[in-house]
1. Could you tell me which of the pairs Lys48/Lys365; Lys132/Lys365; Lys71/Lys216; Lys221/Lys365 are separated by over 27 angstrom between their Cα atoms in the structure shown?
2. Starting at the first residue of region 359-374, write each ³J(HN,Hα) from the Karplus equation 6.51 cos²θ - 1.76 cosθ + 1.60 with θ = phi - 60°, in whole Hz, x for Gly and Pro.
3. Provide the gained length on full extension for the span Thr398 to Asp135, in nm with one decimal, where the gain is 0.36 nm per separating residue minus the Cα-Cα distance.
4. Where in region 224-241 is the amide nitrogen less than 18 Å from a point lying 7 Å along the Cα-to-Cβ axis of Ala278?
5. Using the 10 angstrom Cβ neighbour count as an exposure proxy, how do Lys39, Lys62 rank, fewest first?
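Taken together, the values in this text are just the output of simple stated rules run on the coordinates, not laboratory data. The shown structure was predicted, so the numbers you read here are calculated from the model rather than taken from an experiment. Backbone-built Cβ (ideal geometry, glycine too); neighbour counts: all protein chains shown.
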Amino acid sequence: MPATLRRSSSAKSPAATTSVNSSLEPKASHSPAHFYQNKTLDYYVEQKVTPITLRQLVFFGKRLNEERLIKSANYVRKELPVRLAHRIRDFQQLPFIVGTNPHIQLVYDLYWTAFDKFRKVPPIENTQDNAKYCDLIRSLLRDHLVVIPQLAMGISECSQHIPAAHANNFMNKMLRSRISRRVIVEQHIALSDSSVHSFGGGDEQIGTIFTNCNLKNIIDKCITLIGTKLGPSNKCPPIIIDGHRNCSDFTYISEHIEYIVYQLVLNSVRHTLRMAEANHLDAIPPVTVTISSNDTDILLRISDQGGGMTPETYRDVWSFTSEKRFEKFKEMPKMEARITEEEGEPWSWQGQEDQRLGIGLPMSKVYSEYWGGELKIMTMEGFGTEAYLRIPRLGNQTENIEFEEIEEG
Ligand code: COI
């Protein structure tokens with residue numbers, strides 16, 4: 001059956017009762033199956049998500065035993081269909097024509113399939129049930145690797161049919177919610193894997209969470225990856241790390257910071273190299289990464305002398321739908337979503353894919369705000385750019401799942 005958006009009976013769009021793919025599947029939306037599917041969805045959409053904090057995850061994972069592991073499985077089992085259902089409803093409320101886009105339809109279908117599989121999982125009672133549940137999650141995690149590129153392409157292709165604010169609200173909600181699902185499932189899988197060896201685990205790593213993150217080490221790791229990406233024959237600006245270089249001992253999912261730092265430093269490196277080449281400079285100016293911390297936050301500034309941004313580029317810096325990006329996608333008409341199997345950690349190849357699609361910066365903002373932090377960018381056209389990142393260090397902020405919608409104007 002072709003991918004088809006099944007619209008909700010309560011959707012606001014005038015097309016709410018019509019299947020968007022009606023030429024292929026006439027009157028599908030009026031079929032009894034459609035009615036019951038949306039009734040099922042309504043049941044989950046009416047339920048609120050239960051957000052958690054990093055601290056709760058650490059506390060829970062530290063005293064892991066079989067009973068707790070099964071509890072964790074059942075929390076994920078109940079939470080996943082609710083988190084998915086809210087976003088499926090957002091798809092159903094997109095303008096009719098946007099719903100017909102093949103990339104958007106593909107993601108909608110993936111979400112619907114995952115929702116249907118997850119909601120049918122019976123209560124998990126023992127470690128054998130849990131092992132099967134983890135296998136199901138792993139296979140769906142793989143299927144969903146294409147989600148971000150497909151969404152980015154779909155939304156860009158539809159930019160004439162949807163106001164930019166609506167498109168960006170939709171993307172922000174989708175991406176936050178995706179992080180939220182991946183946080184809880186990856187934590188559960190990591191706990192399940194560690195429990196296979198012994199219930200206990202190390203003190204410093206609880207599942208995917210590190211309780212003694214060291215920012216300098218994270219930056220070094222990102223610089224190494226950037227060096228590998230540029231290749232040995234390519235020049236790289238000097239990268240200086242200064243400030244509170246010993247800043248450590250904060251609790252975080254280090255992959256989240258690695259993603260952000262990688263994107264910000266790589267952007268600075270790229271702009272600096274481009275500027276140096278355009279001006280035939282022998283000495284490439286440095287990129288400086290400054291670390292600072294106080295009792296509540298870790299702060300990071302990344303400054304470059306890469307020439308800064310024009311007002312037009314700066315205006316769209318957080319946008320998932322800028323015209324430039326749409327033009328770029330148009331130049332790559334045959335581009336398929338690529339599931340890269342490159343060596344390295346998942347966040348790094350996901351990060352490289354996002355760079356290629358030009359959404360590394362808005363994605364970094366989504367990651368920064370997820371646990372209550374922030375990301376700001378200041379630019380001086382003709383000179384350079386500075387990015388400021390603030391990360392709460394106590395792990396006591398709940399997941400920032402709900403996105404405050406930007407008014408359409
Ligand atoms: C996603 O990665 O988009 C998800 O929804 C994760 C889920 C399949 C566990």
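1. Details: Lys48/Lys365 24 Å; Lys132/Lys365 35 Å; Lys71/Lys216 36 Å; Lys221/Lys365 20 Å.
Checking Cα-Cα distances, Lys132/Lys365; Lys71/Lys216 exceed 27 Å.
2. 10, x, 6, x, 5, 5, 5, 4, 4, 4, 7, 4, 9, x, x, 8
3. On the way: separation 263, 0.36 × 263 = 94.68 nm, distance 2.77 nm.
Here the segment from Thr398 to Asp135 would lengthen by 91.9 nm.
4. Inside the label zone: 237.
5. On the way: Lys39 11, Lys62 14.
Exposure proxy ranking, most exposed first: Lys39, Lys62.
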